[in-house]
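All remarks here apply to the structure that follows.
The values are calculated or read from the model by the stated rules, or taken from the named source; none is laboratory data. Worth saying up front: this structure is predicted, and the values here are computed from it rather than measured. Cβ placement follows ideal geometry from the backbone for every residue including glycine, while neighbour counts extend to all protein chains displayed. Accessible surface areas use protein heavy atoms only, side chains included; no ligands, DNA or RNA. Shrake-Rupley method; radii C 1.70, N 1.55, O 1.52, S 1.80 Å.
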Amino acid sequence: MSSPIKVATASLAGCFGCHMSLLDIDERLIDLVGHIQFDRSPLTDIKKVGPCDLGLIEGGVCNAENVEILKAFRRQCKILVAVGACAINGGVPAMRNQYSLAECLEEAYLHGTGIDNPQIPNDPELPLLLNQVHPIHEVVWIDYFLPGCPPSADTIFTFLDELLSGRPIQFAYQQIHYD
Amino acid sequence: MIADDAPQSTTHMTSTGDGSAHELLQRLIELQQTYHHIPWTEIERLSRQLSLSQSHIVGVIEFYSFLHTTHQGEYEIFISDNITDQMQGSRLLAELLAKGLGIEIGTTRADKRVSLNYTSCIGMGDQGPAALINGYTLTALTTERINQIIQRVDASTPLDQWPRSLFEVSSKTRRKDIILNSEYIPGAAIAAGLKNGPTSLLNQLEQSGLRGCGGAGFSTASKWRFCAAADAEKRFVVCNADEGEPGTFKDRYLLQAHTDRLIEGMTLCAAVIGSSTGFIYLRGEYRYLLQPLNEILEQRRKAGLLGQSILGQANFNFDIKIHLGAGAYICGEESALIESLEGKRGIPRSRPPFPVTQGYCGFPTVVNNVETFCNAAMIAQRGPEWFRQVGTPASPGTKLLSISGDCERPGIYEFPFGTSIRDILHACGAQQTLAVQIGGAAGRMIPATEFNRTIAFEDISTGGSFMIFNQNRELLRAIENFTHFFRHESCGFCTPCRVGSSLLAKQLSKVMVGHATAKDLDEMSILGSLMQKTSHCGLGQTAANPILDGLGKFPSLFQSRLRATSFEPAFDLDASLEEARLLTGRDDPDAHLEGGGV
């Protein structure tokens, strides 16, 4: 392989577990170093995504900022991947979908136990919450979905390895099945 | 017919009373009727009596639409929500009813007087809009009838004092052919069967070419023969009267107007395969038929046509029990039906083994549709040549069709197999027809260019549902209705169907609200074909049919609603911030999102 591919990653409404799983590919990271260059990512602290070959998104879409980031990734990345259960289904954060946003915020900031000076935060610095948490494919087109909570390091490595080598992407049964 | 039994609320039931776990579903149906929910104390009691875990019992309750752990109203009302009901104005009437009762659809009123919900097609397509109240069928609803209902609920009038006319189910036939025109002679088929012996009868059935009328078209003679040949100490005869396919109601007609033929056919089958016990699995939506059916069973026992020593034959004993369903479409699938007969959740079994070798309680079981048993009785009475005089070589005889939707004369029609759709449309007075949905939600949507095709197993096979849409109809609404139907009725056992049916419904709604692009249509096709290939049973394998047929035969329905961009969000981004804006009082630029895709 010649020049390294550019990769950007982001965690939206997720727990960073998928990013941890990415790091969990251990010494194989060294194999990847020569082939991958990170753009915007929690690993680099670059704030704005530039033109990339691959974007990896962890987490669902829960607020206005998530929407903006996701759209920026879609504009800049040739291939965009939903990594993990939350990106694919909304996951744990989407459990709030059975309540109204008002119920959630009132419970957290007005009526919950041990609350001092109850008020719903309204600082313009804070991104506004969407009334529901959505999987990312409901906002932008997604090219690949990597299931798992998180997808195992093996799955992530296999995906990157096959993508880099230009092979059709295929997984061993255990890598994408959980039954 | 008038549902005379409507008033008798709770006592008359079907359970075997033998204290076995198979009784569970029937016991739960009784409890639901008595208490309008299943109280926890009763779950504990059943758990002890039947030696079942409480979670198993709750699992069964939650599987069936008509059973609830939460309190429903003293009047439990379900509005039939098939597309044909909607075309007759059911949604508006439901809203009127909700408003009059001071209740939201899908809820129980605070005083527990009444609950109101939608339900899947209840088999009244020819006399809708229709509804169920405490299990009994209300037909031909109008604003005037809705007002009558509201008044009586408000006055707490017991159901037996409601006007009979509200419960009237007409069983008019619009066209008769050899089956319905032939006179049924009580006991003649059984007598012929007993006189000539099982082999001769099976040969007759084989020569007649009778095929299963539920839609799959398996040879009836082969089914009975396999069952008879299976090595076992007991065998069972089961009539599938769980007529749940949206738009079909011909079994309702047969159960109501030709009960004797059905029972004769089942008794004949028992004689052939050597069975002493039969079941009629009657869908919960037809519970108004329970008492008349039981009365006819009793009459036949008295006449020596059922029970001990049938027709004086000392060693021929056969009796029939009626088992009620509780609102689950999947129980029309024969192995799910057997699970339900055994009192469990109606989840289809893996096949093989097929029920003919391992069915009810593991014993060989014949499961046939109502119409199949009726036809078998008439063939035994009249002979195979009589049956073959109409129809096609591969599909002999006739088919009962339940015709509904946009036509002048909806109702029951008997047509020879091989009749063209055009001729059927002409016979029922359909005009300017855009499409016909044949075989129900799981069937096929046929465009006008294919109206020369015929009703036959070798062309378009059907269990009998025939829904007509004229050029003023928005076909996408029908496709949406069927897709939502499958999402609701998926039993949840296998992932392709459970998840796929939800995804399809979501993607279709993206099309309906105008957020979809060409890529979404490709996704729907891929998902649909995945469901066809990988689902556990026929439900999942056909759940994508409405969308796939729509995409294949009516692509413009979808394309006209697409965005030209490459991809669009499935929901309105800015609108979904509205609640947060209200809560925070913000309206700054960052409190808004631009719409549109990337």
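Just the isolated ones, please: cysteines in chain B lacking another cysteine beta carbon under 4.7 angstrom.
B:CYS121, B:CYS213, B:CYS227, B:CYS239, B:CYS269, B:CYS331, B:CYS361, B:CYS374, B:CYS491, B:CYS494, B:CYS497, B:CYS537 - these cysteines have no disulfide-compatible partner (Cβ-Cβ under 4.7 Å) in chain B.
Quick check for me: using +1 on Lys/Arg Cβ and -1 on Asp/Glu Cβ, what's the dipole size of region B:75-170 about its Cα centre, in debye to the nearest 20?
Values: 8 positive and 11 negative charges, 40 e Å.
Its charge dipole is roughly 200 debye.
If you line up the long axis of helix B:143-154 against the longest principal axis of chain B, both from Cα atoms, how many degrees apart are they, to the nearest 10?
90 degrees
Here is the link list: A:LYS6/B:LYS519; B:LYS172/B:LYS223; B:LYS172/B:LYS321. Which ones come out longer than 29 Å on Cα distance? Please list the in-between numbers first.
Numbers: A:LYS6/B:LYS519 26 Å; B:LYS172/B:LYS223 32 Å; B:LYS172/B:LYS321 27 Å.
Flagged as over cut-off: B:LYS172/B:LYS223.
Give the aspartates and glutamates reachable from B:LYS302 as a straight Cα distance under 20 Å; neighbours fewer than 8 places away on the same chain don't count.
Once the sequence-local aspartates and glutamates are set aside, what remains near B:LYS302 is B:ASP260, B:GLU264, B:ASP319.
Let a ≥ b ≥ c be the square roots of the eigenvalues of the Cα gyration tensor of region B:75-170; is it rounded (a/c under 1.5), or, if not, prolate (a/b larger than b/c) or oblate?
Note, shape of region B:75-170 comes out oblate.
Along region A:122-127, what does the Karplus equation 6.51 cos²θ - 1.76 cosθ + 1.60 (θ = phi - 60°) give for ³J(HN,Hα), rounded to whole Hz, x for Gly and Pro?
Taking θ as phi minus 60°, the curve returns 9, 5, x, 5, 7, x Hz for region A:122-127.
So for the pair B:SER20, B:GLU168, with labels modelled 7 Å out along Cα→Cβ, what separation do we get in nm?
4.4 nm
Can you tell which of A:VAL92, A:VAL61, A:VAL33 shows the greatest fluctuation in a Gaussian network model of chain A with Cα springs below 10 Å?
Among A:VAL92, A:VAL61, A:VAL33, the largest GNM mean-square fluctuation belongs to A:VAL33.
Between B:ASN470 and B:ASP574, how many nm apart are label points set 7 Å from Cα along the C-beta direction?
Roughly 4.2 nm, to one decimal.
Counting only Cα, what are the radius of gyration and maximum Cα-Cα distance Dmax of the protein assembly as shown, in Å?
Over the protein assembly as shown's Cα set, Rg and Dmax evaluate to 29.6, 93 Å.
In region A:34-82, which residues become less accessible by 10 Å² or more once every protein chain is in place, relative to the chain on its own, using a 1.4 Å probe?
A:ALA64, A:VAL67, A:GLU68, A:LYS71, A:ARG74, A:ARG75
List, in the order given, every pair from B:LYS176/B:LYS399; A:LYS78/B:LYS533; A:LYS47/A:LYS78 whose Cα-Cα distance in the structure shown is over 21 Å.
On the way: B:LYS176/B:LYS399 10 Å; A:LYS78/B:LYS533 31 Å; A:LYS47/A:LYS78 19 Å.
Over 21 Å apart, Cα to Cα: A:LYS78/B:LYS533.
How tilted is helix B:54-63 with respect to the longest principal axis of chain B? Cα atoms for both, answer in degrees (0 to 90, nearest 10).
Tilt relative to chain B: about 80 degrees.
Only Lys, Arg, Asp and Glu count, each charged at its Cβ (+1, +1, -1, -1), so figure out the dipole size of the protein assembly as shown about its Cα centre, rounded to 20 debye.
Dipole of the protein assembly as shown, to the nearest 20 debye: 2520 debye.
Check which residues have an amide H placed less than 5 Å from A:CYS77's amide H, if you skip close sequence neighbours.
For A:CYS77, the qualifying residues are A:CYS52.
How large is ³J(HN,Hα) for each residue in region B:378-392, as worked out from phi by the Karplus curve 6.51 cos²θ - 1.76 cosθ + 1.60 (θ = phi - 60°), to whole Hz, x for Gly and Pro?
Values per residue, Gly and Pro as x: 5, 5, 5, 7, 9, x, x, 5, 4, 5, 7, 5, 10, x, 10 Hz.
Counting only heavy atoms of protein chains, what accessible area per residue, in Å², does region B:174-388 have with a probe of 1.4 Å?
Value returned for region B:174-388: 33 Å² of accessible area per residue.
Would you work out the charge dipole size for region B:476-559 about its Cα centre, treating the Cβ of every Lys and Arg as +1 and the Cβ of every Asp and Glu as -1, and quote it to the nearest 20 debye? Don't skip to the answer; put the middle values down first.
Details: 8 positive and 6 negative charges, 15 e Å.
With Lys and Arg at +1 and Asp and Glu at -1, about 80 debye.
Keeping the other protein chains in place, figure out the carbon and sulfur percent of the accessible area of chain A, with a 1.4 Å probe.
Exposed carbon and sulfur together represent 55 percent of the surface.
Expressed as a fraction of 2.2 N^0.38 Å, the rule-of-thumb size for a compact globular protein of N residues, what is the C-alpha radius of gyration of chain B?
So chain B has a normalised radius of gyration of 0.99.
Considering amide H positions built from the backbone, and no H for Pro or chain starts, which residues 5 or more places from B:GLU243, or on another chain, come under 5 Å of its amide H?
B:ARG283
Considering only A:GLY112, A:GLY14, A:GLY91, give the residue with the highest GNM mean-square fluctuation for chain A, with springs between Cα atoms whenever their separation is below 10 Å.
A:GLY112
Between 0 and 90 degrees, rounded to the nearest ten: what's the tilt of helix B:475-489 against the longest Cα principal axis of chain B?
70 degrees
Suppose R0 equals 41 Å. What FRET efficiency, 1/(1 + (r/R0)^6) with r the Cβ-Cβ distance, do B:SER222 and A:GLU27 give to the nearest 0.05?
That pair, B:SER222 with A:GLU27, gives E of 0.05.
Could you pull out every residue, at least 5 positions away or on a different chain, whose amide H is within less than 5 Å of the one on B:ASN470? Hs are placed 1.01 Å off N in the peptide plane, and Pro or chain starts have none.
Hits under the 5 Å cutoff: B:ASP406, B:LEU434.
Which residue, B:GLN204, B:GLN541, B:PHE354, has the largest displacement toward the positive end of the dipole of the protein assembly as shown when charges sit on each Cβ (Lys, Arg +1; Asp, Glu -1)?
Most positive-ward Cα: B:GLN204.
Once the dipole of region B:75-170 is set up with Lys and Arg at +1 and Asp and Glu at -1 on Cβ about the Cα centre, which of B:LEU93, B:PHE167, B:VAL114 lies farthest towards its positive end?
Going by the Cα projections, it comes out as B:VAL114.
Kindly work out what percent of the DSSP beta bridges joining two residues of the protein assembly as shown are antiparallel, to the nearest 5.
40 percent
What accessible area, summed over both chains, is buried at the A-B interface (1.4 Å probe, Å², nearest 100)?
Values: alone 10430 and 23540 Å², together 31690 Å².
Looking at A and B, the buried total is near 2300 Å².
Calculate the mean, over all residues of peptide A:97-104, of how many other protein chain Cβ atoms lie within 10 angstrom of the residue's Cβ. Display every interim value, and only then the final one.
Values: counts 0, 0, 0, 2, 7, 4, 0, 1.
For this peptide, the per-residue mean of nearby foreign Cβ atoms is 2.
For A:GLN37 and A:ILE169, compute 0.36 nm times the residue count separating them, minus their Cα-Cα distance, and round to one decimal in nm.
Value of the extension gain: 45.4 nm.
At R0 = 56 Å, how high is the FRET efficiency between B:SER529 and B:SER55 if r is their beta carbon distance? Nearest 0.05 is fine.
Plugging the Cβ-Cβ distance into 1/(1 + (r/R0)^6) gives 0.95.
Can you tell me the order of B:232-245, B:414-427 when each peptide is scored by its average per-residue count of other Cβ atoms within 10 angstrom, highest first? Could the numbers behind the result be given before it?
On the way: B:232-245: 23.9, B:414-427: 19.2.
Order by mean packing, descending: B:232-245, B:414-427.
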